[in-house]
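For reference, the structure discussed in these notes is given below.
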Ligand SMILES: [Zn+2]
């Protein structure tokens, strides 16, 4: 999953109240913590893509995307948050950890079987919704759109710009998703996907990290112009 991961990012029990527990941009990074790790490992050729027995491309992400890794990354991210934000407590820890872990659950739905229980485990999990790229695309865009709509409703823009900006970001994210996931998925169905033409590891990993950080930066900027409606 890609943009659908951002759906749970608005999940913060206080998001609809005066003072959300964590910032939305922090949540944007938390839900992608596992992919931030994957992008880093892709840069060094440790993780990446490969073809499964049926000739379909799957991810080779044993370190960043095993179930055990997801639990560990969630706990580490929670601890890191508490270190970086000394005023935070158990609630912040819990929300960050849950958001990080939500990534694994959502990946489980869309990935072709490529998620092990632990790094190197032979049983690979994934319900393969990406085999139906348009359906998966609708689901992911719907999750992101629904989350942004909720967030728009519980905040007030300081200027109209911050209303347009939400939906400009939405379109940018949908376009990125189409380019990375749907287009690739359709190529797979047509049997034309050529994994040997993927960009070099360093470019692929870096661009992935860049896109995730870009989305977090943009939502952080919009967030500054959209205080809570209940403040
Ligand atoms: Zn992932």
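Residue 68 satisfies every condition listed in (1) touching a helix residue (DSSP H, G or I) at 6+ places or on another chain (Cβ under 7 Å); (2) within 16 Å of the ligand (Cβ to nearest atom) except (1). Which condition number does residue 110 fail, the rest of (1) more than 16 Å from the ligand (Cβ to nearest atom); (2) closer than 17 Å to residue 34 by Cα being met? Every listed condition holds for residue 110 apart from (1). Listed by first and then second residue, the pairs with beta-carbon distance under 7 Å, at least 6 apart or on different chains, first residue in region 198-211 and without any contact (Cβ under 8 Å) to a residue 40 or more places away in the chain, second assigned to a helix (DSSP H, G or I) and surrounded by 12 or more Cβ atoms within 10 Å (Cβ to Cβ), are 211/176. Would you confirm whether any residue within region 100-123 is out of contact with any strand residue (DSSP E or B) (no Cβ under 9 Å at 6 or more places or on another chain), closer than 24 Å to residue 12 by Cβ and not in a helix (DSSP H, G or I)? The answer is no; no qualifying residue exists. Scanning region 33-65 for residues that are surrounded by 17 or more Cβ atoms within 10 Å (Cβ to Cβ) and without any contact (Cβ under 8 Å) to a residue 24 or more places away in the chain returns a single hit, 47. Among the residues of region 77-90, none qualifies, meaning not one is assigned to a loop (DSSP other than H, G, I, E, B), within 24 Å of residue 210 (Cβ to Cβ) and either in contact with a helix residue (DSSP H, G or I) (Cβ under 8 Å, 6 or more places away or on another chain) or away from the ligand (no atom under 16 Å from the Cβ) (or both). The condition of being in contact (Cβ under 8 Å) with a residue 60 or more places away in the chain, touching a helix residue (DSSP H, G or I) at 6+ places or on another chain (Cβ under 6 Å) and away from the ligand (no atom under 13 Å from the Cβ) holds for only one of 117, 150, that being 150. May I ask you to say which residue of 20, 57 is farther than 22 Å from residue 140 by Cβ and touching a strand residue (DSSP E or B) at 6+ places or on another chain (Cβ under 9 Å)? Only one candidate qualifies: 20. For region 29-65, name all the residues that are in a helix (DSSP H, G or I), modelled with pLDDT under 95 and more than 13 Å from the ligand (Cβ to nearest atom). Correct list: 43 only.
The set of residues in region 1-28 being touching a residue at least 40 places away in the same chain (Cβ under 8 Å), away from the ligand (no atom under 16 Å from the Cβ) and not in a helix (DSSP H, G or I) consists of 11, 12, 13, 15, 16, 17, 18, 19, 20, 21, 22, 23.
The values are calculated or read from the model by the stated rules, or taken from the named source; none is laboratory data. Note that the coordinates shown come from a computational prediction; the quantities given were computed from them, not determined experimentally. Cβ sites come from the backbone with ideal geometry, for glycine too, and all protein chains shown count toward neighbours.
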